[in-house]
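Visitor: This structure is in structure tokens; I'll ask about it shortly.
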């Protein structure tokens, strides 16, 4: 199937032909496609799931490069040392210390206030191993900044990187997240035994 891509004028872009072709080459060589219709908004928090394998990052980042979207993503701070740390920063990576409670939320809220355009992405599971509950940091970031949450998915059944539900958080986690978890239950992870969507 062909790619389906819709990007509005308000979305921050990062145009680089070399990175564009690199992303396209990775996806095409592996038989993956993109199905992305982002809301035409300058600010958003994107959650990327399932996250059960390092391949999720490869295909997800390849999609971002192909879309030429200026996106910043959080990952554990230990990944940002040495040369590969510089490479991750160049790709839009931002280190976060997961042991510091609330630090990333405050940092992100300030960043949204200071920038006219900003997209922040992170994996809500927080680890490739199985965990019974998702971390709530992304929700608090979006709620504090009053920006929408966009559910991105990596589906190994259809080999598709795409976009699912989009919503503005109300402060009531359970009803806000119920349709999101229902959506992700139809997405196949690389390692399904490590992926969970909270039963609500």
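Visitor: Checking residue 158 against (1) farther than 21 Å from residue 105 by Cβ; (2) at pLDDT below 95: exactly one of these is not met. Which one?
Guide: (2)
Visitor: Can I ask one more? Working only within region 26-48, note down all residues that are touching a strand residue (DSSP E or B) at 6+ places or on another chain (Cβ under 8 Å) and in a helix (DSSP H, G or I).
Guide: The one that is touching a strand residue (DSSP E or B) at 6+ places or on another chain (Cβ under 8 Å) and in a helix (DSSP H, G or I): 27.
Visitor: Continuing with the same structure: If you take the residues in region 49-78 that are assigned to a loop (DSSP other than H, G, I, E, B) and under 12 Å from the mean Cα position of the chain (by Cα), which one is farthest from residue 155 (Cα to Cα)?
Guide: 71
Visitor: Separate question: Within region 23-54, which residues are modelled with pLDDT under 95, surrounded by fewer than 16 Cβ atoms within 10 Å (Cβ to Cβ) and farther than 30 Å from residue 144 by Cβ?
Guide: If the condition is that a residue be modelled with pLDDT under 95, surrounded by fewer than 16 Cβ atoms within 10 Å (Cβ to Cβ) and farther than 30 Å from residue 144 by Cβ, then 54 is the only one that fits.
Visitor: Something else now. Any residue in region 101-116 that is within 10 Å of residue 137 (Cβ to Cβ) sitting within a Cβ distance under 8 Å of a residue that is at pLDDT 90 or above and outside any helix (DSSP H, G or I)? List the pairs, counting only those 6 or more apart or interchain.
Guide: Hits for this filter: 108/45; 108/120.
Visitor: While we're here: Residue 99 fails exactly one of the following numbered conditions: (1) surrounded by fewer than 17 Cβ atoms within 10 Å (Cβ to Cβ); (2) farther than 23 Å from residue 13 by Cα; (3) modelled with pLDDT of 75 or more. What is the number of that condition?
Guide: Going through the list (1) surrounded by fewer than 17 Cβ atoms within 10 Å (Cβ to Cβ); (2) farther than 23 Å from residue 13 by Cα; (3) modelled with pLDDT of 75 or more, residue 99 breaks only (3).
The values are calculated or read from the model by the stated rules, or taken from the named source; none is laboratory data. All figures in this text were calculated on a predicted structure; none of them were measured in a lab. Virtual Cβ from ideal backbone geometry, glycine too; neighbours counted across all protein chains shown.
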